[in-house]
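*Asks:* Handing you this structure, nothing more for now.
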Amino acid sequence: MEEAKGVVKHVLLAKFKDGVSESDIDQLIKGYANLVNLIDPMESFHWGKDVSIENLHQGFTHIFESSFNSTDAVAEYIAHPAHVEYANLFLSSLEKVIVFDYKPTTVRI
């Protein structure tokens, strides 16, 4: 197995609180996506909604993934004032959240 050199994926699973409208969620997603323009270490951003037929989502409805070139870059992102301000707004709209950082690993057979 070969761990990606430097690359770190920052993944957030979210379940929004009841009463948070779709338009509010859309605005929160746009705000999250805009962090890539404000915080240099954040290299990319992707998001999506659960479409699985397995029904194992445990209530989580959305996933957000950001890419960084190191764990130090993730730490810089987390401490950045734009992230802190946005995170306070975003997290107040969530009922549940999981955050997971990992280095992608390729399996060569």
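*Asks:* Taking only pairs six or more apart or across chains, which ones have beta-carbon atoms under 7 Å, a first residue in segment 78-105 that is free of Cβ contacts under 8 Å to residues at least 12 places away in the same chain, and a second residue that is in a strand (DSSP E or B)?
*Replies:* From segment 78-105, the pairs are LEU91/VAL97.
*Asks:* Consider LYS5 carefully, then state whether it is charged (D, E, K, R), open to solvent by 40 Å² or more (accessible area, probe 1.4 Å) and at pLDDT 95 or above. Don't jump to the end; show me each part of the working.
*Replies:* Details: charged (D, E, K, R): yes; open to solvent by 40 Å² or more (accessible area, probe 1.4 Å): yes; at pLDDT 95 or above: no.
The answer is no for LYS5.
*Asks:* Let me ask something else about it. Could you list, in sequence order, the residues of segment 14-37 that are surrounded by 14 or more Cβ atoms within 10 Å (Cβ to Cβ) and not basic (Lys, Arg)? It would help to see each step written out before you state the result.
*Replies:* Applying the first criterion (surrounded by 14 or more Cβ atoms within 10 Å (Cβ to Cβ)) to segment 14-37 yields 14-16, 20, 25, 28-29, 31-33, 35-36.
Selection gives ALA14, PHE16, VAL20, ILE25, LEU28, ILE29, GLY31, TYR32, ALA33, LEU35, VAL36.
*Asks:* Could you please let me know if PHE100 is open to solvent by 70 Å² or more (accessible area, probe 1.4 Å), at pLDDT 95 or above, hydrophobic (A, V, I, L, M, F, W, C) and under 15 Å from the mean Cα position of the chain (by Cα)?
*Replies:* Values: open to solvent by 70 Å² or more (accessible area, probe 1.4 Å): yes; at pLDDT 95 or above: yes; hydrophobic (A, V, I, L, M, F, W, C): yes; under 15 Å from the mean Cα position of the chain (by Cα): yes.
It is true that PHE100 is open to solvent by 70 Å² or more (accessible area, probe 1.4 Å), at pLDDT 95 or above, hydrophobic (A, V, I, L, M, F, W, C) and under 15 Å from the mean Cα position of the chain (by Cα).
*Asks:* If the Cβ limit is 6 Å and pairs must be 6+ apart or interchain, which residue in segment 11-22 that is free of Cβ contacts under 8 Å to residues at least 12 places away in the same chain and over 21 Å from ILE78 (Cβ atoms) pairs with which residue that is assigned to a strand (DSSP E or B) and open to solvent by less than 20 Å² (accessible area, probe 1.4 Å)?
*Replies:* Pairs that qualify, where the first residue is free of Cβ contacts under 8 Å to residues at least 12 places away in the same chain and over 21 Å from ILE78 (Cβ atoms) and the partner is assigned to a strand (DSSP E or B) and open to solvent by less than 20 Å² (accessible area, probe 1.4 Å): there are none.
*Asks:* Considering only residues that are hydrophobic (A, V, I, L, M, F, W, C) and more than 24 Å from VAL84 (Cα to Cα), which ones fall in segment 1-55? Before the answer, list the steps.
*Replies:* Applying the first criterion (hydrophobic (A, V, I, L, M, F, W, C)) to segment 1-55 yields 1, 4, 7-8, 11-14, 16, 20, 25, 28-29, 33, 35-36, 38-39, 42, 45, 47, 51, 53.
Once the filter is applied, which keeps residues that are hydrophobic (A, V, I, L, M, F, W, C) and more than 24 Å from VAL84 (Cα to Cα), segment 1-55 yields MET1, ALA4, VAL51, ILE53.
*Asks:* Sticking with this structure for a sec: Residues in segment 38-56 that are surrounded by 10 or more Cβ atoms within 10 Å (Cβ to Cβ) and part of a loop (DSSP other than H, G, I, E, B): how many?
*Replies:* Total satisfying the criteria: 6.
*Asks:* How about segment 57-97: which of its residues are assigned to a loop (DSSP other than H, G, I, E, B), open to solvent by less than 60 Å² (accessible area, probe 1.4 Å) and among the polar types (S, T, N, Q)? Give the steps one after another, and end with the answer.
*Replies:* At the first step, the residues of segment 57-97 found to be assigned to a loop (DSSP other than H, G, I, E, B) are 57-61, 69-70, 80, 92-93.
Adding the requirement that they be open to solvent by less than 60 Å² (accessible area, probe 1.4 Å) leaves 59-61, 70, 80, 93.
Correct list: THR61, SER70, SER93.
*Asks:* Within segment 43-94, work out how many residues are farther than 17 Å from GLY31 by Cα, of a type in the set (Val, Ile, Thr) and out of contact with any strand residue (DSSP E or B) (no Cβ under 8 Å at 6 or more places or on another chain).
*Replies:* Summing the residues that are farther than 17 Å from GLY31 by Cα, of a type in the set (Val, Ile, Thr) and out of contact with any strand residue (DSSP E or B) (no Cβ under 8 Å at 6 or more places or on another chain) in segment 43-94 gives 2.
The values are calculated or read from the model by the stated rules, or taken from the named source; none is laboratory data. These figures come from a predicted structure and were not determined experimentally. We place every Cβ from the backbone using ideal geometry, glycine too, and count neighbours over all the protein chains shown. What goes into the accessible areas is simple: the full protein's heavy atoms, side chains included, and nothing from ligands, DNA or RNA. Shrake-Rupley method; radii C 1.70, N 1.55, O 1.52, S 1.80 Å.
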